[in-house]
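The block underneath contains the structure these notes are about, expressed in structure tokens.
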Amino acid sequence: MYLKTKSGRKVYLPTPEEDTAITATAMSDPNALPLIGDEFARLKRVGRPRAAVTKKHISIRLSRDVLDSFRSMGNGWQTKIDEALMEWIREHHS
């Protein structure tokens with residue numbers, strides 16, 4: 001059976017019988033045994049570490065000039081907008 005993803009990609013899903021056979025084969029391989037118990041806890045997390053202070057995902061409308069200017073700064077342009085707004089708050093709400 002095939003499953004179509006949102007992007008249009010087709011992914012094959014095995015039947016229950018095929019899945020059982022795949023699992024049995026994997027379990028018989030001593031180099032590919034599943035993790036159990038505290039082995040999961042010892043795994044190193046991948047990706048960005050959790051920040052002490054998180055940011056809220058929002059949608060905001062900006063003028064084309066503002067957006068183009070910040071985007072032209074390259075990677076981190078959204079952080080630069082956040083920093084500019086924080087500076088404005090410090091100057092106007094102290």
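Every number in this text was worked out from the coordinates using simple rules, so none of it is lab data. Predicted, not measured: the structure shown is a model, and the values here were computed from it. As a convention, Cβ positions derive from the backbone with ideal geometry for all residues, glycine included, and neighbour counts pool all protein chains shown.
Structure summary
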item: Ratio Rg/Rh, restricted to the stretch 2-92 and using Cα atoms, in which Rh is the Kirkwood radius; result: 1.23
item: Top positive-direction residue, dipole computed over the stretch 22-92 with Cβ charges, set 73, 47, 34; result: 73
item: Helical mean residue ellipticity (222 nm; -39500 (n - 2.57) per DSSP H run of 4+; nearest 500) of the chain; result: -12500 deg cm²/dmol
item: Hits among lysines - C-alpha to C-alpha of residue 6 under 27 Å, sequence gap 8 or more where chains match; result: 56
item: Förster radius 22 Å - calculated FRET efficiency between residue 78 and residue 7 (Cβ-Cβ, nearest 0.05); result: 0.35
item: Within straight-line cross-link reach of residue 55, lysines at Cα separation under 18 Å, skipping those fewer than 8 residues along the same chain; result: 80
item: Per-residue HN-Hα couplings for the stretch 47-60 [Karplus 6.51, -1.76, 1.60; θ = phi - 60°; Hz; x = Gly/Pro]; result: x, 5, x, 5, 7, 5, 10, 8, 10, 9, 7, 9, 10, 9
item: Relative contact order computed over the stretch 2-92 (Cα-Cα under 8 Å; 6+ residues apart), in percent; result: 9 percent
item: Qualifying chymotrypsin sites (Phe, Trp or Tyr not before Pro) for the chain [loop in DSSP, other Cβ within 10 Å: at most 16]; result: 40
item: Simple spin-label estimate for residue 15 and residue 33 in nanometres, 7 Å along Cα-Cβ; result: 3.2 nm
